[in-house]
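Reviewing the structure listed below.
The values are calculated or read from the model by the stated rules, or taken from the named source; none is laboratory data. Bear in mind the structure is a predicted one, so any value in this text is a computation, not a measurement. Every residue, glycine as well, gets a Cβ built from its backbone with ideal geometry; the counts of neighbours run over all protein chains shown.
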Amino acid sequence: MRKQQNPAISVIFLTLLMGLSIGCSRHPNDETIAKNIESKVAADPDTKDSQVNVAAKDGKVTLSGKVRTPAAQQKLEQIAREEPGIAGVDDQSTIDPAMEVAPAMAAAPPPVEKPKPQPIVVPAGTVLTIRTEQALSSKTSQAGQTFLATLAQPVSVEGRRALPTGATVRGRVVTAKAKGKIKGEGELTLTLSSISVGDHTYEIQTSPLSSTVKGKGKRTAATTGGGAAGGALIGGLAGGGKGAGIGALVGAGAGFIGGAVTGNKQIEIPAESALSFTLAEDLTLPPPNN
């Protein structure tokens, strides 16, 4: 006679087989474990800057690469150990101090560059009032002769001092022609050629100042190279005295050279006379303190 199997034992056996099958199907594979750990490492604030590799084999996780700090290394291992289904963790990561400095440098704002000082440009048309250091005359001066003077008034551009009082100025006699006793004109024409500020000398170009004396003591004043042909001469030079004023053309910004002449007198400009010249071209100066 065949022995019958107990139904209760069969039910228990089948239940165990089904549970084992379900458990095996739910157990994550190595690829899933590695991807889950990598995602969590990238999302965590302490480990997101780490350069690590995650490998899993038979549930055992191996960590390699570089982290910024010991705290980041500990957090990395913690994330791996908390992953479900792992059989163990082998942490081979190393700490790289250079990675700790780099983010701090990257986060620092770029240094703010101070604006570079800009050069000062004295525009054409600016009046330079000078005081001569030597006497000039239509009779004794020679064309091509140079003369020295000093700046009588400072020049500022947009509130910045460009040319200080007392700056050395060099000029040139363009034309010097003595007046004859009866016939012939006397003529004296001047221009400025350079100005010195500190240890630097700058070439300049100004409109020439010209004065003409006709025969029998008649005098005319005119400017060549620009300016207006009318105005007032400041000061008289009849006596030829030292310090007499010359040359500011009222309203037009161009100076006239003049001398009171009677009889056979020539055009005379005593030493320390004031003359006004007009810049014909821009004068570019370096920024202050350069």
Exercise for the section: Those residues that are more than 47 Å from the chain's Cα centre (by Cα), of a type in the set (A, V, I, L, M) and farther than 21 Å from D30 by Cβ, I need them from region 42-86; list them, please. Expected result: none
Handout entry: Filter result (at pLDDT below 70 and either among the basic types (K, R) or farther than 21 Å from S193 by Cβ (or both)) within region 250-288
Key = V250, G251, A252, G258, G259, A260, V261, T262, G263, N264
Problem - Yes/no for T15 being modelled with pLDDT of 85 or more and either outside any loop (DSSP other than H, G, I, E, B) or over 30 Å from S93 (Cβ atoms) (or both) - result: no
Exercise for the section: Please enumerate the residues belonging to region 95-117 that are surrounded by 10 or more Cβ atoms within 10 Å (Cβ to Cβ), among the β-branched types (V, I, T) and modelled with pLDDT of 55 or more. Expected result: I95
Exercise for the section: May I ask you to list the residues in region 45-101 that are touching a residue at least 24 places away in the same chain (Cβ under 8 Å), of a type in the set (D, E, K, R) and not in a loop (DSSP other than H, G, I, E, B)? Expected result: K57, K60, K66, K75, D90, D91, E100
